[in-house]
Amino acid sequence: MEVAVDLHAHSVFAGGTQSLGIKPETMVTNRKKAISHLTRTNQTMPLKGVDIIGTGDCQFTMWTDILKEALIENVKGVFFLQNYDQTRFILQTEMIFTAKIGKYSKEAHVIFLFPNFSLVETFRNLLDKWGVKHQKMARPFISCQSSVQVAERIHTILDLDPWIEAIPAHIMTPQGVFGSGKGNIRVNNLTDFFASATSRLRVFETGLSADPEFLALIPELDNRTLISNSDAHSSSLHRMGREFTVLSVSKLDYQSIISALRNNQVLYTVEFPPEEGRFFLTGHRAGRKRPGSHGDKDYCYFSPQHVPLHDICPICNKSLTIGVFQRCVEISQAQNVKRVLGEVTPPKNSIRMVPLIDILSHVLNIKTKTAKSLINQYRQITSYIGPERMLWQLTSEEVEEKLIDLIETSIIKAILQVKAGNFTFQPYGFDGVYGTLIIGQKGNYKNVKVIHSSKPIQKTL
Ligand SMILES: [Zn+2]
Ligand SMILES: [Zn+2]
């Protein structure tokens, strides 16, 4: 049977969420917000066509307690929310590993999946033993001296139980294993960061700014399972379920899902457009404070062939934030292959799901993605068509047939234009900024060189 999973999410307590205070005195309000987050998640996922989602931050005590109270185990390791049974949950967290590579510290985020609450407790005890400060942060740092210590830590966690799974997260972004780190550190092989634990890592998360086609440039990933997850920091429609993975499983329990991941039983992934991802191209965004300074109108971004010498920003003269596209090309070269984007067949199918909320935002000219009018339109469309992903699984004729006379013509036209590939992003995603969807034009992200600067350009270009 098929199951759609989104195995990387965050709770209301994670950094970058609605920033709930975590003081005990605010616990009653927090609890209410946390429960409403779960309720909204339960309602949002069916609109996307996702069956199972990760809980996020499952080791964070306040969140663990709420999960324990609110969730009921449906089958082994798979939970649902009391009184709501549309969406299932799996115990999941994300940890930040840091290790010294050369002079600098490099971070790499790793997702962990747990089969039960008791192992989550054991994991938390380990964090205590290692001196990890996990009481105030839902996504704590496991600081390591070296890659050898990273491996030791991962081995110890995985040795707790054969069904715990470790999945390197958004591997190409600056916070992922292959992303460029501080001092422009480059990890070009998994063993450079994960050392002997590399052989136990079977599943990798592509991240929003990459998809299986980009990752097909990297030989080291050839025989691994590539999955897509949303990494949602809120339960909004434009965050949750924006990427996910459809697996073939024998049963709907935790162990069957883990087996399917380990054995690469991925039927297809549903992908956020990489060009829209926050780290797609190399560049520096406007208004950035550090390093150097950029005024509100000073920004630059480049596709790999146009990146300035030594990756130096022509505006502030500091190191640029290296995009996922550039890293894919660099690693491909470092691993000694000549692979060209679009000429290597990715191992699995993928469906590109340009977010419906973005299309509506473009057509109706409403910038706030959480605006009620957008959400109402979204709900109307999905009530006629089924989950959002059906827009991309049905043919244009089928979509038109289902929506005609029910939805504004301009919206139908825009959806059909996107389905026909007549869209681009301006700008593309870069340096932590999402790309902006433009419908009715085509773009070429392979040939981009944009510099907007109010200051004289440095000579390094
Ligand atoms: Zn992360
Ligand atoms: Zn700069």
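Summary table
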item	result
Size of electric dipole in the stretch 205-338: Cβ of Lys, Arg +1 and of Asp, Glu -1, about Cα centre, debye, nearest 20	440 debye
Length released on extending from S250 to Q86, taking residue separation times 0.36 nm less the Cα-Cα span	57.0 nm
Expected 222 nm ellipticity per residue - DSSP helices of 4 or more, -39500 (n - 2.57), all of the chain, to 500	-8500 deg cm²/dmol
Non-local Lys pairs in the stretch 321-461, i.e. 8 or more apart or on different chains, that have alpha carbons under 19 Å apart	6
Computed over the chain: relative contact order in percent, which uses C-alpha pairs under 8 Å that are six or more apart	16 percent
Where labels lie 7 Å past Cα in the beta-carbon direction, separation of V450 and T345 in nm	3.5 nm
I351 long-range amide H proximity, modeled H, under 5 Å	T269, V270, E271
Distance histogram in 10 Å bins (all Cα pairs of the chain, percent per bin)	4, 20, 30, 28, 14, 3, 0
Nonlocal Lys pairs with alpha-carbon distance under 25 Å, the stretch 30-173 (8 or more apart, or different chains)	19
Largest-first ellipsoid semi-axes for the stretch 2-276, taking √(5λ) over the Cα gyration tensor eigenvalues, angstrom	27, 22, 18
Centre separation in Å (Cα based) which lies between the stretch 149-222 and the stretch 288-363	19 Å
Portion, in percent, of the accessible area of the stretch 1-136 that falls on carbon or sulfur, probe 1.4 Å	52 percent
Pair I404, R262: separation of 7 Å Cα→Cβ label points (nm)	5.1 nm
Spin-label model distance (nm) - Q43 vs T29, 7 Å beyond Cα toward Cβ	2.2 nm
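The values are calculated or read from the model by the stated rules, or taken from the named source; none is laboratory data. Every value quoted in this text rests on a predicted model; they were computed, and no experiment measured them. Note that we place each Cβ from the backbone using ideal geometry, even for glycine, and neighbour counts take in every protein chain shown. Ligands, DNA and RNA are stripped out before the accessible areas are found, and what is left, the full protein with its side chains, is counted by its heavy atoms. Shrake-Rupley method; radii C 1.70, N 1.55, O 1.52, S 1.80 Å.
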